[in-house]
Amino acid sequence: MSKKYLIPCLLTLSISILLSSCSLNRPFDNDPINLPENSVPTPKSASSSSPSPKVTPGNSVVAIKTKYGQIVLSLFDQQAPNTVKNFLQKSRSGFYHNLKFHRVVDGFVVQGGDPQGTGQGGGTIASELNQIPFKRGSLGLARLPDSKEVSNDSQFFICLTDVGCSQLKGDYVNFGEVISGLEVLDQIKQGDLILEITQDTK
């Protein structure tokens with residue numbers, strides 16, 4: 001091979017290798033981790049989200065009781081009234097008693113509320129999407145990845161970090177936030193039980 005063709009050939013080979021390696025690094029995967037249905041997407045690297053609105057006086061407050069203690073949440077009654085109403089009805093009926101936290105992804109979410117305990121149970125509810133940022137302690141509804149207009153009516157997730165959840169804004173229903181018990185949230189492991197969800201926060 002003559003010298004005048006050697007440099008162009010090497011340059012072409014280098015570019016091909018570079019493009020091949022870039023295609024292997026997807027910044028965001030829409031497939032749920034280990035769960036094909038009723039789940040939130042896998043996290044991507046993102047900047048911290050803005051603070052969500054201050055807790056409005058009169059918002060419903062609930063406590064998720066666990067063996068580590070309780071996680072107290074303020075619910076967004078005004079921004080997601082039907083979601084909150086459904087969540088409170090299920091809580092009062094004892095629906096969540098002894099259901100599992102079936103999914104825990106470090107740096108992303110703790111997820112529970114599936115009557116089957118597999119990530120595939122629960123019914124459906126119309127998504128009340130809003131523009132409240134997801135951040136550490138945000139409470140959201142799980143859903144199938146193919147349609148954001150419909151969410152799961154029982155499965156919920158709580159965000160563990162700002163960075164992990166900030167990309168969920170506007171795509172998932174944000175209907176509450178932790179106001180006490182983040183240290184309890186951090187201790188939850190996959191398979192731990194929701195002892196109950198109650199409006200008795202004492």
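The values are calculated or read from the model by the stated rules, or taken from the named source; none is laboratory data. Keep in mind that this is a model prediction, so the values were computed, not measured. Reconstructed Cβ throughout: ideal geometry from the backbone, glycine too, with neighbour counts over all protein chains shown.
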Review point. Residues in segment 161-181: is at least one more than 15 Å from VAL109 (Cβ to Cβ), touching a Phe, Trp or Tyr at 6+ places or on another chain (Cβ under 8 Å), in contact (Cβ under 8 Å) with a residue 24 or more places away in the chain and not aromatic (Phe, Trp, Tyr)?
Key: no
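Residue under question is ILE132, and the condition is that it be within 26 Å of LEU193 (Cα to Cα), out of contact with any Lys or Arg (no Cβ under 6 Å at 6 or more places or on another chain), touching a residue at least 24 places away in the same chain (Cβ under 8 Å) and among the β-branched types (Val, Ile, Thr); does it hold?
Values: within 26 Å of LEU193 (Cα to Cα): no; out of contact with any Lys or Arg (no Cβ under 6 Å at 6 or more places or on another chain): yes; touching a residue at least 24 places away in the same chain (Cβ under 8 Å): yes; among the β-branched types (Val, Ile, Thr): yes.
No; evaluated as a whole, the condition is false for this residue.
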Exercise for review: Test each condition in (1) in contact with a Ser or Thr (Cβ under 7 Å, 6 or more places away or on another chain); (2) over 13 Å from PHE87 (Cα atoms) for ASP153 and report the one that comes out false.
Suggested key: (2)
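Filter segment 165-202 down to residues that are in a helix (DSSP H, G or I) and over 14 Å from the mean Cα position of the chain (by Cα) and give me whichever is nearest to HIS97 (Cα to Cα).
Top of the filtered list is VAL184.
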Practice item. Examine segment 107-115 for a residue that is more than 22 Å from GLN78 (Cβ to Cβ) and surrounded by fewer than 18 Cβ atoms within 10 Å (Cβ to Cβ), and state whether such a residue exists. Key: yes
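Residues of segment 138-164 being in a strand (DSSP E or B) and surrounded by fewer than 23 Cβ atoms within 10 Å (Cβ to Cβ), which ones?
Of everything in segment 138-164, just one residue is in a strand (DSSP E or B) and surrounded by fewer than 23 Cβ atoms within 10 Å (Cβ to Cβ), namely VAL150.
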Review point. Would you call GLN116 among the polar types (S, T, N, Q), more than 16 Å from GLY191 (Cβ to Cβ) and either in contact with a strand residue (DSSP E or B) (Cβ under 6 Å, 6 or more places away or on another chain) or in a loop (DSSP other than H, G, I, E, B) (or both)?
Key: no
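Does LYS135 meet the test of being surrounded by fewer than 24 Cβ atoms within 10 Å (Cβ to Cβ), basic (Lys, Arg) and farther than 17 Å from ILE71 by Cα?
Values: surrounded by fewer than 24 Cβ atoms within 10 Å (Cβ to Cβ): yes; basic (Lys, Arg): yes; farther than 17 Å from ILE71 by Cα: no.
Considered against the rule, which asks whether it is surrounded by fewer than 24 Cβ atoms within 10 Å (Cβ to Cβ), basic (Lys, Arg) and farther than 17 Å from ILE71 by Cα, LYS135 comes out as no.
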Practice item. Could you run through segment 148-202 and say how many residues are over 18 Å from LYS65 (Cβ atoms) and of a type in the set (A, V, I, L, M)? Key: 5
Check your understanding: Can we say ILE125 is farther than 21 Å from ILE71 by Cα, among the aliphatic types (A, V, I, L, M) and not in a loop (DSSP other than H, G, I, E, B)?
Key -> yes
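A quick yes/no check of all residues on (1) under 20 Å from GLY181 (Cβ atoms); (2) within 21 Å of the chain's Cα centre (by Cα); (3) modelled with pLDDT under 95:
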position	(1), (2), (3)
ASN59	yes, no, yes
VAL62	yes, yes, no
THR66	yes, yes, no
LEU73	yes, yes, no
ASN82	no, yes, no
SER93	no, no, no
TYR96	yes, yes, no
LYS100	yes, yes, no
GLY107	yes, yes, no
